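Inspection log for the structure reproduced underneath, given as structure tokens.
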Amino acid sequence: MSVASRAIPLCDLDAQFQTIEQEVRVAIDKVLREQNFILGPQVAELEQRIAEYSGIASAIGCSSGSDALLLALMALDVATGDEVITTPYTFFATAGAIARLGARAVFVDIEPQGFNIDADKIEAAVTPRTKGIIPVHLFGQMAEMDPILEIASRHGLFVIEDAAQAIGAAYRQRPAGSLGTIGTFSFFPSKNLGCMGDGGMCVTSDDELAERMRILRQHGAARKYFHTHVGGNFRLDTLQAAILLVKLRFLDQWNAARAEHAATYRRLLQDSGLGERVVFPAELPNRKHVYNQFVIRISNRDRVEAALRDAGVSTAIYYPKSLHYQKCFDEWGYGEGEFPESERAARESLALPIFPELSTAQQQVVIDALAVALS
Ligand SMILES: *Cc1c(COP(=O)(O)O)cnc(C)c1O
């Protein structure tokens, strides 16, 4: 089949599996023979590797990126009445974790170029109830961390980096997850390092916090059946850790391929004369972007999305509705129109297919379809 006649997925996990199938099967087989499914040796080994990868002392495997955020907030004692500053333009879990603990998310609008929280607007949102800030490194590019860390330090706030989409990214050469009080990763299958189910990780250089998170992920019991805290079951499966150990070895290579595809998209968009009509994702100064998503902005987005779908090109909208006016957060009292940049991004953004195995021929099909859609 020619490339043009075949649908182009947003993310092709099957293509990736074909390149590592043998190694993954060997790793899974080993776990099956050992039958050590809960916090087996592969979990500790992965924690060690992710800590090294992130240039940080400790890593704590957990059940998902969402639970990693919850665990981090629990370890930092976030509770009813507290406020946590974050972005309204992110996956639900970022604000959901805050709400789960009875705390309130105080939203701050994004800066339109990088889609991340606007550091210049954070200080005005700090109140005596503020406990911390959760910047999200959206689409694989880190937020402007220096001013965020400076404000946090001046007001005695924690910083949790939601690095679910940004493992391998960097800010001034410092790895994502290593700059804040705690960093969190997700291993959801479509993330740059994805497992074959759910998984996540917290990283920190604070030994006390690391210990608290280890206890909290096992129902608050450092010694089995002796509970010092009310925690939860937030453990990472041994099977997922074994799979991730295989995949971690390829992460840098895969991230480099994503960055190359981003450069190719930019060139093809430019060559096709679409440069005027489409806003490309910006690569901001001092950052290494790992392109979990390649998100363009266009004014007539919904029509373009439908046309691409008809042409067999899968796209996605991250995210169609900002979190500040989601029904479940009504009690926080935000309304439509309050965060115009976030709402504009929700109207204009469109994620094009990007994954390490994407071919230039496939990218050309995407750009040609985009040109037709925009004509
Ligand atoms: C994926 C994601 C999460 C949640 O991770 P899960 O592993 O799916 O629970 C949290 N925050 C952001 C920004 C994400 O993209």
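A few notes on this one:
- Here residue 192 meets the list (1) in contact with a Cys (Cβ under 6 Å, 6 or more places away or on another chain); (2) of a type outside the set (A, V, I, L, M); (3) not in a helix (DSSP H, G or I) almost entirely, failing just condition (1).
- Residue within segment 205-225 that is of a type in the set (D, E, K, R) and within 12 Å of the ligand (Cβ to nearest atom) present: no
- Residues satisfying the stated conditions in segment 219-244, i.e. β-branched (Val, Ile, Thr), in a loop (DSSP other than H, G, I, E, B) and closer than 24 Å to residue 65 by Cβ: 230
- Segment 64-87, subset within 12 Å of the ligand (Cβ to nearest atom) and touching a Phe, Trp or Tyr at 6+ places or on another chain (Cβ under 8 Å), residue most open to solvent (accessible area, probe 1.4 Å): 67
- For segment 273-294, taking the residues that are buried (at least 17 other Cβ atoms within 10 Å of the Cβ) and of a type in the set (S, T, N, Q), the one that is nearest to residue 195 (Cα to Cα) is identified as 292.
- Tally, over segment 147-167, of residues that are surrounded by fewer than 24 Cβ atoms within 10 Å (Cβ to Cβ) and under 26 Å from residue 251 (Cα atoms): 1
- Subset of segment 100-119 (residues that are surrounded by 18 or more Cβ atoms within 10 Å (Cβ to Cβ), under 16 Å from residue 160 (Cα atoms) and either modelled with pLDDT under 95 or within 16 Å of the ligand (Cβ to nearest atom) (or both)): 105, 107, 108, 116, 117
- Residue tally, condition open to solvent by 50 Å² or more (accessible area, probe 1.4 Å) and either among the β-branched types (Val, Ile, Thr) or not in a helix (DSSP H, G or I) (or both), over segment 29-53: 5
- Here residue 346 passes the criteria (1) part of a helix (DSSP H, G or I); (2) farther than 21 Å from residue 121 by Cβ; (3) out of contact with any strand residue (DSSP E or B) (no Cβ under 6 Å at 6 or more places or on another chain) except the one numbered (2).
- Only one entry in 95, 143 is surrounded by 23 or more Cβ atoms within 10 Å (Cβ to Cβ) and within 10 Å of the ligand (Cβ to nearest atom), namely 95.
- Scanning segment 295-325 for residues that are touching a helix residue (DSSP H, G or I) at 6+ places or on another chain (Cβ under 6 Å) and of a type in the set (S, T, N, Q) returns 315, 322.
- Verdict on residue 288 being under 25 Å from residue 188 (Cβ atoms) and in contact (Cβ under 8 Å) with a residue 12 or more places away in the chain: yes
- Cβ-Cβ under 7 Å pairs, at least 6 apart or on other chains, segment 120-140 side farther than 17 Å from residue 161 by Cα and open to solvent by 10 Å² or more (accessible area, probe 1.4 Å), far side more than 16 Å from the ligand (Cβ to nearest atom) and of a type in the set (A, V, I, L, M): 123/151; 125/106
- Residue 19 vs. criteria farther than 24 Å from residue 330 by Cα and of a type in the set (Val, Ile, Thr): yes
- Inter-residue pairs, beta-carbon under 6 Å, first more than 23 Å from residue 59 (Cβ to Cβ) and in segment 151-166, second outside any strand (DSSP E or B) and not hydroxyl-bearing (Ser, Thr, Tyr), 6+ apart: 151/122; 151/123; 155/126
- Verdict on residue 177 being under 25 Å from residue 355 (Cα atoms), open to solvent by 10 Å² or more (accessible area, probe 1.4 Å) and either at pLDDT below 95 or in contact with an Asp or Glu (Cβ under 8 Å, 6 or more places away or on another chain) (or both): no
- Test result for residue 56, outside any loop (DSSP other than H, G, I, E, B) and at negative phi: no
- Hits in segment 180-198 (condition: within 11 Å of the ligand (Cβ to nearest atom), on the phi < 0 side of the Ramachandran plot and small (Gly, Ala, Ser)): 186, 190, 194
- Selection within segment 295-318 - in contact with an Asp or Glu (Cβ under 8 Å, 6 or more places away or on another chain) and within 27 Å of residue 193 (Cα to Cα): 297, 315, 317
- Options 270, 253: the member that is in contact (Cβ under 8 Å) with a residue 60 or more places away in the chain and surrounded by fewer than 14 Cβ atoms within 10 Å (Cβ to Cβ): 253
- Condition met for residue 357 (within 21 Å of residue 191 (Cα to Cα), of a type in the set (Asp, Glu) and within 21 Å of the chain's Cα centre (by Cα)): yes
The values are calculated or read from the model by the stated rules, or taken from the named source; none is laboratory data. Model, not experiment: these values are computed from the prediction. Positions of Cβ are generated from backbone atoms using ideal geometry, with glycine treated the same way; all protein chains shown enter the neighbour counts. Ligands, DNA and RNA are stripped out before the accessible areas are found, and what is left, the full protein with its side chains, is counted by its heavy atoms. Shrake-Rupley method; radii C 1.70, N 1.55, O 1.52, S 1.80 Å.
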